[in-house]
Amino acid sequence: MSASEINEEMIVAAVYAIANLIQPQELTHDYVIPNAFDNRVVESVANAVAEAIQSGVARKKPKQKSERSNKTMKFTRFIANSSIHTGVKEKGIIRVIKGDIFGAWEYTGQTFSQGEVKSIAPLEPNQIIGIGANFVSNVEDLPEQLPEIPVFFFKPTSSVIGPEDEIIIPEGIKEVKFESELAIVIGKEAKNVPESEVLDYVFGYTVGNDVTAPQFFHQDGHWTIGKSFDTFTPLGPVIETVLNPFNVKVKAKLNDVEKQNSATELMIIPIRRMVSYLTKVMTLKPGDVILTGSPVGAELVGAGDVIECEIREIGNLRNTFVAAKEGARAY
(Lines give C-alpha, C1' and ligand atoms only; values in the text may rest on other atoms or scores of the structure.)
Protein backbone atom coordinates (compact mmCIF):
# COMPACT_ATOMS: atom_id res chain seq x y z
CA MET A 1 0.00 0.00 0.00
CA SER A 2 1.40 3.40 -0.97
CA ALA A 3 1.38 6.43 1.28
CA SER A 4 -1.08 8.17 -1.03
CA GLU A 5 -3.65 5.45 -0.34
CA ILE A 6 -3.54 5.92 3.41
CA ASN A 7 -6.25 8.23 4.73
CA GLU A 8 -6.84 9.68 8.17
CA GLU A 9 -9.44 7.10 9.21
CA MET A 10 -7.05 4.27 8.39
CA ILE A 11 -4.34 5.87 10.52
CA VAL A 12 -6.71 6.33 13.46
CA ALA A 13 -7.76 2.68 13.20
CA ALA A 14 -4.15 1.55 13.13
CA VAL A 15 -3.06 3.79 15.97
CA TYR A 16 -5.78 2.43 18.23
CA ALA A 17 -5.12 -1.15 17.18
CA ILE A 18 -1.43 -0.87 18.10
CA ALA A 19 -2.00 1.23 21.20
CA ASN A 20 -4.36 -1.43 22.53
CA LEU A 21 -1.45 -3.87 22.33
CA ILE A 22 1.30 -1.56 23.54
CA GLN A 23 -0.33 0.50 26.28
CA PRO A 24 -4.09 -0.02 26.55
CA GLN A 25 -4.34 1.66 29.93
CA GLU A 26 -3.72 5.01 28.26
CA LEU A 27 -6.87 4.74 26.13
CA THR A 28 -9.98 6.51 27.40
CA HIS A 29 -12.36 5.26 24.67
CA ASP A 30 -12.88 1.91 22.94
CA TYR A 31 -12.30 2.21 19.21
CA VAL A 32 -14.00 -0.11 16.73
CA ILE A 33 -12.09 -0.62 13.47
CA PRO A 34 -14.40 0.30 10.57
CA ASN A 35 -15.79 -2.65 8.61
CA ALA A 36 -14.37 -1.13 5.44
CA PHE A 37 -10.86 -2.07 6.55
CA ASP A 38 -9.73 -5.65 6.86
CA ASN A 39 -6.84 -6.69 9.03
CA ARG A 40 -4.37 -6.50 6.15
CA VAL A 41 -5.16 -2.80 5.63
CA VAL A 42 -4.80 -2.07 9.31
CA GLU A 43 -1.56 -4.03 9.51
CA SER A 44 -0.12 -2.18 6.53
CA VAL A 45 -0.92 1.22 7.94
CA ALA A 46 0.15 0.11 11.40
CA ASN A 47 3.62 -0.72 10.20
CA ALA A 48 3.99 2.87 9.02
CA VAL A 49 3.14 4.35 12.40
CA ALA A 50 4.42 1.70 14.81
CA GLU A 51 7.75 3.40 15.36
CA ALA A 52 6.06 6.69 16.19
CA ILE A 53 3.73 5.00 18.64
CA GLN A 54 6.55 3.16 20.42
CA SER A 55 8.43 6.44 20.81
CA GLY A 56 5.36 7.95 22.44
CA VAL A 57 4.53 10.42 19.68
CA ALA A 58 1.24 8.82 18.72
CA ARG A 59 0.06 7.88 22.18
CA LYS A 60 -1.57 11.20 22.81
CA LYS A 61 -4.98 10.77 24.39
CA PRO A 62 -8.05 11.91 22.48
CA LYS A 63 -8.79 15.57 23.17
CA GLN A 64 -11.38 15.99 25.89
CA LYS A 65 -13.72 18.80 25.02
CA SER A 66 -16.52 20.10 27.18
CA GLU A 67 -17.77 17.12 29.16
CA ARG A 68 -20.69 18.91 30.70
CA SER A 69 -23.97 17.05 30.40
CA ASN A 70 -26.36 16.04 33.14
CA LYS A 71 -23.40 15.18 35.32
CA THR A 72 -22.95 17.61 38.17
CA MET A 73 -19.76 19.64 37.88
CA LYS A 74 -18.24 22.17 40.24
CA PHE A 75 -16.19 24.76 38.38
CA THR A 76 -13.69 26.77 40.38
CA ARG A 77 -10.94 29.35 39.91
CA PHE A 78 -7.89 29.48 42.11
CA ILE A 79 -4.33 30.68 42.52
CA ALA A 80 -1.52 28.13 42.59
CA ASN A 81 2.18 28.80 42.08
CA SER A 82 1.40 32.50 41.54
CA SER A 83 -0.85 31.73 38.55
CA ILE A 84 -4.62 31.80 38.14
CA HIS A 85 -6.19 28.52 37.02
CA THR A 86 -9.67 27.21 36.27
CA GLY A 87 -10.59 23.72 37.36
CA VAL A 88 -13.25 21.17 38.20
CA LYS A 89 -13.53 19.94 41.79
CA GLU A 90 -13.94 16.21 42.19
CA LYS A 91 -13.85 14.57 45.62
CA GLY A 92 -11.37 17.00 47.11
CA ILE A 93 -9.15 17.11 44.03
CA ILE A 94 -9.12 20.01 41.57
CA ARG A 95 -8.52 18.98 37.95
CA VAL A 96 -7.14 21.91 35.95
CA ILE A 97 -8.83 22.74 32.66
CA LYS A 98 -8.12 25.12 29.81
CA GLY A 99 -10.50 26.73 27.36
CA ASP A 100 -13.89 28.40 27.75
CA ILE A 101 -16.15 26.95 30.43
CA PHE A 102 -19.13 28.20 28.42
CA GLY A 103 -17.87 26.50 25.27
CA ALA A 104 -15.07 24.02 24.55
CA TRP A 105 -12.53 23.10 27.19
CA GLU A 106 -10.29 20.19 28.12
CA TYR A 107 -8.44 18.80 31.10
CA THR A 108 -4.73 19.62 31.17
CA GLY A 109 -3.80 16.60 33.27
CA GLN A 110 -2.62 18.81 36.14
CA THR A 111 -4.26 18.42 39.55
CA PHE A 112 -4.14 20.14 42.93
CA SER A 113 -5.52 19.42 46.35
CA GLN A 114 -7.66 22.12 47.97
CA GLY A 115 -4.93 22.76 50.52
CA GLU A 116 -2.45 23.68 47.78
CA VAL A 117 -4.51 26.53 46.33
CA LYS A 118 -6.11 29.86 47.19
CA SER A 119 -9.72 29.95 45.94
CA ILE A 120 -10.93 33.08 44.14
CA ALA A 121 -14.29 34.00 42.61
CA PRO A 122 -15.34 31.12 40.32
CA LEU A 123 -15.73 33.44 37.33
CA GLU A 124 -15.09 36.96 36.12
CA PRO A 125 -18.66 38.07 35.41
CA ASN A 126 -19.64 39.76 32.20
CA GLN A 127 -22.12 41.86 34.19
CA ILE A 128 -23.91 41.59 37.53
CA ILE A 129 -27.63 42.21 37.91
CA GLY A 130 -29.40 42.20 41.26
CA ILE A 131 -33.03 42.29 42.32
CA GLY A 132 -34.22 44.08 45.42
CA ALA A 133 -36.58 43.02 48.22
CA ASN A 134 -37.41 39.63 46.72
CA PHE A 135 -38.17 37.43 49.74
CA VAL A 136 -41.02 37.15 52.21
CA SER A 137 -40.97 35.43 55.60
CA ASN A 138 -43.72 32.89 54.92
CA VAL A 139 -45.46 31.39 51.92
CA GLU A 140 -48.70 33.03 53.10
CA ASP A 141 -47.06 36.45 52.61
CA LEU A 142 -46.44 35.95 48.89
CA PRO A 143 -48.43 38.55 46.93
CA GLU A 144 -51.26 37.40 44.69
CA GLN A 145 -50.19 39.86 42.01
CA LEU A 146 -46.54 40.32 41.06
CA PRO A 147 -45.05 43.76 40.44
CA GLU A 148 -45.26 44.86 36.80
CA ILE A 149 -41.72 46.25 36.95
CA PRO A 150 -39.38 44.41 39.36
CA VAL A 151 -36.69 46.43 41.12
CA PHE A 152 -33.44 45.52 39.34
CA PHE A 153 -30.03 47.14 39.71
CA PHE A 154 -26.49 46.68 38.41
CA LYS A 155 -23.31 46.05 40.38
CA PRO A 156 -19.86 46.68 38.87
CA THR A 157 -17.65 43.69 38.11
CA SER A 158 -14.87 45.49 40.01
CA SER A 159 -16.80 44.75 43.22
CA VAL A 160 -16.25 40.98 42.89
CA ILE A 161 -14.08 39.11 45.39
CA GLY A 162 -13.76 35.45 46.34
CA PRO A 163 -13.92 33.22 49.41
CA GLU A 164 -11.91 34.39 52.43
CA ASP A 165 -11.23 37.80 50.85
CA GLU A 166 -11.85 40.84 53.05
CA ILE A 167 -14.93 43.01 52.62
CA ILE A 168 -13.83 46.61 53.08
CA ILE A 169 -16.20 48.97 54.90
CA PRO A 170 -15.92 52.35 53.15
CA GLU A 171 -14.29 55.22 54.97
CA GLY A 172 -16.79 57.47 56.71
CA ILE A 173 -19.15 54.71 57.88
CA LYS A 174 -18.79 51.94 60.43
CA GLU A 175 -21.33 49.40 59.24
CA VAL A 176 -22.54 47.70 56.07
CA LYS A 177 -25.17 45.07 55.39
CA PHE A 178 -24.68 41.46 54.28
CA GLU A 179 -27.20 39.78 51.97
CA SER A 180 -26.77 36.06 51.23
CA GLU A 181 -28.13 35.09 47.79
CA LEU A 182 -28.43 32.38 45.17
CA ALA A 183 -26.58 33.63 42.08
CA ILE A 184 -27.47 32.44 38.59
CA VAL A 185 -24.72 32.18 35.96
CA ILE A 186 -25.98 32.53 32.38
CA GLY A 187 -24.43 30.07 29.92
CA LYS A 188 -25.53 31.25 26.49
CA GLU A 189 -26.95 34.34 24.81
CA ALA A 190 -30.56 34.87 25.81
CA LYS A 191 -33.11 37.25 24.31
CA ASN A 192 -36.92 37.12 24.64
CA VAL A 193 -36.81 33.76 26.40
CA PRO A 194 -40.16 32.37 27.59
CA GLU A 195 -40.37 31.31 31.21
CA SER A 196 -40.67 27.66 30.23
CA GLU A 197 -37.23 27.73 28.56
CA VAL A 198 -35.26 29.83 31.05
CA LEU A 199 -33.27 26.97 32.57
CA ASP A 200 -31.94 26.04 29.12
CA TYR A 201 -29.89 29.24 29.24
CA VAL A 202 -28.50 28.75 32.75
CA PHE A 203 -24.95 27.44 33.02
CA GLY A 204 -24.97 26.98 36.77
CA TYR A 205 -25.31 28.53 40.19
CA THR A 206 -23.04 29.99 42.84
CA VAL A 207 -23.40 31.74 46.20
CA GLY A 208 -23.36 35.52 46.30
CA ASN A 209 -23.24 38.17 48.99
CA ASP A 210 -24.83 41.44 47.89
CA VAL A 211 -23.00 43.65 50.39
CA THR A 212 -24.74 47.00 50.75
CA ALA A 213 -24.03 50.38 52.32
CA PRO A 214 -27.56 51.83 52.69
CA GLN A 215 -26.04 55.07 53.99
CA PHE A 216 -25.19 55.82 50.34
CA PHE A 217 -28.66 55.21 48.93
CA HIS A 218 -30.03 58.28 47.20
CA GLN A 219 -33.05 59.86 48.86
CA ASP A 220 -35.00 59.32 45.64
CA GLY A 221 -34.43 55.58 45.90
CA HIS A 222 -31.38 55.05 43.70
CA TRP A 223 -29.21 52.22 45.06
CA THR A 224 -26.21 52.19 42.73
CA ILE A 225 -23.61 53.86 44.96
CA GLY A 226 -24.57 51.87 48.03
CA LYS A 227 -24.15 48.61 46.08
CA SER A 228 -21.00 49.41 44.12
CA PHE A 229 -18.00 49.74 46.40
CA ASP A 230 -14.99 47.54 45.77
CA THR A 231 -15.28 44.14 47.53
CA PHE A 232 -19.09 44.41 47.74
CA THR A 233 -19.85 41.27 45.69
CA PRO A 234 -18.27 38.11 47.09
CA LEU A 235 -18.98 35.07 44.88
CA GLY A 236 -18.13 31.39 45.35
CA PRO A 237 -16.90 28.95 46.22
CA VAL A 238 -17.81 27.13 42.97
CA ILE A 239 -20.26 27.17 40.08
CA GLU A 240 -22.52 24.15 40.50
CA THR A 241 -23.91 23.10 37.12
CA VAL A 242 -26.69 20.74 38.23
CA LEU A 243 -29.05 22.12 40.83
CA ASN A 244 -32.78 22.42 41.41
CA PRO A 245 -32.94 26.17 42.16
CA PHE A 246 -36.55 25.90 43.31
CA ASN A 247 -35.70 23.62 46.19
CA VAL A 248 -32.67 25.04 47.99
CA LYS A 249 -32.23 27.06 51.16
CA VAL A 250 -30.27 30.31 51.23
CA LYS A 251 -28.52 30.69 54.57
CA ALA A 252 -26.18 33.08 56.37
CA LYS A 253 -24.30 32.85 59.66
CA LEU A 254 -22.82 35.92 61.33
CA ASN A 255 -20.04 35.03 63.76
CA ASP A 256 -21.41 31.45 63.83
CA VAL A 257 -24.97 32.62 64.63
CA GLU A 258 -27.60 31.84 62.00
CA LYS A 259 -29.25 34.97 60.62
CA GLN A 260 -30.81 33.84 57.35
CA ASN A 261 -32.40 30.54 56.36
CA SER A 262 -35.11 30.65 53.71
CA ALA A 263 -36.16 28.39 50.87
CA THR A 264 -36.21 29.80 47.35
CA GLU A 265 -39.97 29.16 47.24
CA LEU A 266 -40.25 32.37 49.29
CA MET A 267 -39.07 34.52 46.38
CA ILE A 268 -41.61 37.14 45.32
CA ILE A 269 -40.39 37.18 41.72
CA PRO A 270 -39.69 33.52 40.88
CA ILE A 271 -36.51 32.61 39.04
CA ARG A 272 -38.17 31.79 35.72
CA ARG A 273 -40.15 35.04 35.74
CA MET A 274 -37.07 37.02 36.78
CA VAL A 275 -34.77 35.78 34.03
CA SER A 276 -37.47 35.83 31.33
CA TYR A 277 -38.31 39.44 32.19
CA LEU A 278 -34.67 40.48 31.95
CA THR A 279 -34.31 38.88 28.51
CA LYS A 280 -37.20 40.99 27.26
CA VAL A 281 -35.31 44.11 28.37
CA MET A 282 -31.73 43.20 27.49
CA THR A 283 -29.71 40.47 25.83
CA LEU A 284 -28.09 38.30 28.49
CA LYS A 285 -24.63 36.94 27.66
CA PRO A 286 -22.55 33.99 28.87
CA GLY A 287 -20.97 34.92 32.17
CA ASP A 288 -23.73 37.28 33.27
CA VAL A 289 -24.55 36.83 36.96
CA ILE A 290 -28.02 37.42 38.37
CA LEU A 291 -28.34 37.85 42.14
CA THR A 292 -31.82 36.56 42.92
CA GLY A 293 -32.53 38.35 46.19
CA SER A 294 -31.77 37.88 49.87
CA PRO A 295 -33.93 36.25 52.57
CA VAL A 296 -35.29 38.06 55.57
CA GLY A 297 -32.69 38.43 58.32
CA ALA A 298 -29.92 40.52 56.77
CA GLU A 299 -28.51 43.11 59.14
CA LEU A 300 -25.78 45.69 59.59
CA VAL A 301 -22.32 44.48 60.62
CA GLY A 302 -18.98 46.06 61.46
CA ALA A 303 -15.24 45.52 61.25
CA GLY A 304 -14.14 42.14 62.59
CA ASP A 305 -17.44 40.40 61.90
CA VAL A 306 -17.33 37.17 59.90
CA ILE A 307 -20.12 36.31 57.47
CA GLU A 308 -20.73 32.87 55.99
CA CYS A 309 -23.23 32.67 53.15
CA GLU A 310 -24.22 29.13 52.34
CA ILE A 311 -26.29 27.01 50.00
CA ARG A 312 -25.61 23.43 50.99
CA GLU A 313 -25.61 22.06 47.46
CA ILE A 314 -23.04 24.65 46.33
CA GLY A 315 -20.87 25.41 49.34
CA ASN A 316 -19.90 27.97 51.93
CA LEU A 317 -18.76 31.53 51.09
CA ARG A 318 -16.88 33.02 54.03
CA ASN A 319 -15.57 36.59 54.33
CA THR A 320 -14.44 38.98 57.05
CA PHE A 321 -15.39 42.65 57.27
CA VAL A 322 -12.57 45.15 57.79
CA ALA A 323 -12.40 48.92 58.07
CA ALA A 324 -10.92 50.92 55.21
CA LYS A 325 -7.28 51.78 55.78
CA GLU A 326 -6.56 55.34 56.83
CA GLY A 327 -6.21 57.57 53.80
CA ALA A 328 -7.27 54.85 51.33
CA ARG A 329 -10.71 56.06 50.38
CA ALA A 330 -13.18 53.59 48.96
CA TYR A 331 -14.95 56.38 47.09
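Filter segment 139-175 down to the residues that are among the β-branched types (Val, Ile, Thr) and surrounded by 12 or more Cβ atoms within 10 Å (Cβ to Cβ), then identify the one that is farthest from the chain's Cα centre (by Cα). Before the answer, list the steps.
So the first thing to find is which residues in segment 139-175 are among the β-branched types (Val, Ile, Thr), and the list is 139, 149, 151, 157, 160-161, 167-169, 173.
From what's left, surrounded by 12 or more Cβ atoms within 10 Å (Cβ to Cβ): 151, 157, 160-161, 167-169, 173.
On the way: Val151: 24, Thr157: 15, Val160: 13, Ile161: 13, Ile167: 21, Ile168: 24, Ile169: 26, Ile173: 32 Å.
Looking at residues that are among the β-branched types (Val, Ile, Thr) and surrounded by 12 or more Cβ atoms within 10 Å (Cβ to Cβ), I get Ile173.
State whether the residues of segment 116-126 include one that is within 15 Å of the chain's Cα centre (by Cα), over 22 Å from Gln215 (Cβ atoms), among the acidic types (Asp, Glu) and modelled with pLDDT of 95 or more. Step through it out loud before you land on a result.
Pass one, segment 116-126, residues within 15 Å of the chain's Cα centre (by Cα): 119-126.
Restricting the remaining residues to those that are over 22 Å from Gln215 (Cβ atoms) gives 119-126.
Filter once more, keeping what is among the acidic types (Asp, Glu): 124.
When the remaining residues are screened for being modelled with pLDDT of 95 or more, the result is 124.
Yes, because at least one residue in segment 116-126 is within 15 Å of the chain's Cα centre (by Cα), over 22 Å from Gln215 (Cβ atoms), among the acidic types (Asp, Glu) and modelled with pLDDT of 95 or more.
Tell me which residues, restricted to segment 170-206, are of a type outside the set (D, E, K, R), part of a strand (DSSP E or B) and over 17 Å from Gly236 (Cα atoms).
Answer for segment 170-206, where residues must be of a type outside the set (D, E, K, R), part of a strand (DSSP E or B) and over 17 Å from Gly236 (Cα atoms): Val176, Ala190.
Taking the stated definitions as given, is Thr224 farther than 30 Å from Ile169 by Cβ, out of contact with any helix residue (DSSP H, G or I) (no Cβ under 7 Å at 6 or more places or on another chain) and surrounded by fewer than 22 Cβ atoms within 10 Å (Cβ to Cβ)? Working first, answer last.
Numbers: farther than 30 Å from Ile169 by Cβ: no; out of contact with any helix residue (DSSP H, G or I) (no Cβ under 7 Å at 6 or more places or on another chain): yes; surrounded by fewer than 22 Cβ atoms within 10 Å (Cβ to Cβ): yes.
So Thr224 fails the test.
Please verify whether Ile225 is of a type in the set (A, V, I, L, M), in a helix (DSSP H, G or I) and touching a residue at least 24 places away in the same chain (Cβ under 8 Å), treating the condition exactly as stated.
Details: of a type in the set (A, V, I, L, M): yes; in a helix (DSSP H, G or I): yes; touching a residue at least 24 places away in the same chain (Cβ under 8 Å): yes.
Spelling it out, Ile225 is indeed of a type in the set (A, V, I, L, M), in a helix (DSSP H, G or I) and touching a residue at least 24 places away in the same chain (Cβ under 8 Å).
Does Val238 count as in contact with a Leu (Cβ under 9 Å, 6 or more places away or on another chain) and of a type in the set (A, V, I, L, M, F, W, C)? It would help to see each step written out before you state the result.
On the way: in contact with a Leu (Cβ under 9 Å, 6 or more places away or on another chain): no; of a type in the set (A, V, I, L, M, F, W, C): yes.
Taking the combined requirement at face value, the residue does not satisfy it.
Find the residue count for segment 127-138, including only residues that are over 26 Å from Lys188 (Cβ atoms) and under 20 Å from the mean Cα position of the chain (by Cα).
Residues meeting the conditions: 0.
If you go through segment 65-89 one residue at a time, how many are loosely packed, with under 15 Cβ neighbours inside 10 Å, modelled with pLDDT of 95 or more and touching a strand residue (DSSP E or B) at 6+ places or on another chain (Cβ under 8 Å)?
Residues that pass the stated criteria total 2.
For the condition closer than 21 Å to Asn319 by Cβ and of a type in the set (Asp, Glu), what is the one hit in Glu179, Glu195, Glu189, Glu140? If you could, list the steps in order and put the result at the bottom.
Details: Glu195 fails: closer than 21 Å to Asn319 by Cβ; Glu189 fails: closer than 21 Å to Asn319 by Cβ; Glu140 fails: closer than 21 Å to Asn319 by Cβ.
Among Glu179, Glu195, Glu189, Glu140, only Glu179 is closer than 21 Å to Asn319 by Cβ and of a type in the set (Asp, Glu).
The values are calculated or read from the model by the stated rules, or taken from the named source; none is laboratory data. Predicted model, so just to flag it, every value in this text is computed and none were measured. So basically every Cβ, Gly included, is an ideal-geometry build from the backbone, and we count neighbours across all protein chains shown.
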